[in-house]
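Read the structure below first, then the notes.
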Amino acid sequence: YSLDGLLVFGLLLVCTCAYLRKVPRLRTWLLSERRGVWGVCHKAAVIGTRLHVAVSVSCLLMAFYVLVGK
């Protein structure tokens, strides 16, 4: 376990949930619940949509680090 893996997992979770929020059927099916596990996905989707510039820059920097830095 490492901090790198945790950051990659967090970024992928935020990006995936933000993408799922843009699909109408999946939004009502998956992201309508605000408690429990689906609540975490709902909150990650809100973070991804509100901070889309910062999340995308973070994804690019993490991809560069994983591909070149390691």
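Annotations
- Taking all Cα pairs closer than 8 Å and separated by 6 or more residues, the relative contact order of the chain comes to 34 percent.
- For region 1-38, the list of trypsin sites (Lys or Arg not before Pro) that fall in a loop by DSSP and count at most 13 other C-beta atoms within 10 angstrom reads Arg34, Arg35.
- Placing a pseudo-label 7 Å from each Cα along the Cα-to-Cβ vector at Val23 and Leu3 gives an inter-label distance of 3.4 nm.
- About the Cα centre, charge dipole magnitude for region 1-69 (Lys/Arg +1, Asp/Glu -1 at Cβ), debye: 420
- Extension gain, Ala54 to Ser32, is 5.5 nm, computed as 0.36 nm per intervening residue step minus the present C-alpha separation.
- Among the chymotrypsin sites (Phe, Trp or Tyr not before Pro) in region 1-62, those located in a DSSP loop and surrounded by at most 11 other Cβ atoms within 10 Å of their own Cβ are Tyr1.
- Whole-Hz Karplus values for region 59-70 come out as 5, 5, 5, 5, 5, 5, 5, 5, 6, 9, x, 7 Hz, taken residue by residue from phi with 6.51 cos²θ - 1.76 cosθ + 1.60 and θ = phi - 60°; glycine and proline positions read x.
- The mean accessible area for residues of the chain, using a 1.4 Å probe and ignoring ligands and nucleic acids, is 80 Å² per residue.
- Cα convex hull volume per residue for the chain (Å³): 87
- The share of accessible area on the chain that comes from carbon and sulfur is 69 percent, using a 1.4 angstrom probe.
The values are calculated or read from the model by the stated rules, or taken from the named source; none is laboratory data. Remember, it's a predicted structure, so these values are computed and weren't measured experimentally. All Cβ positions, even for glycine, are placed from backbone atoms using ideal geometry, and neighbour counts span all protein chains on display. Ligands, DNA and RNA are excluded from the accessible area calculation, which covers all protein heavy atoms including side chains. Shrake-Rupley method; radii C 1.70, N 1.55, O 1.52, S 1.80 Å.
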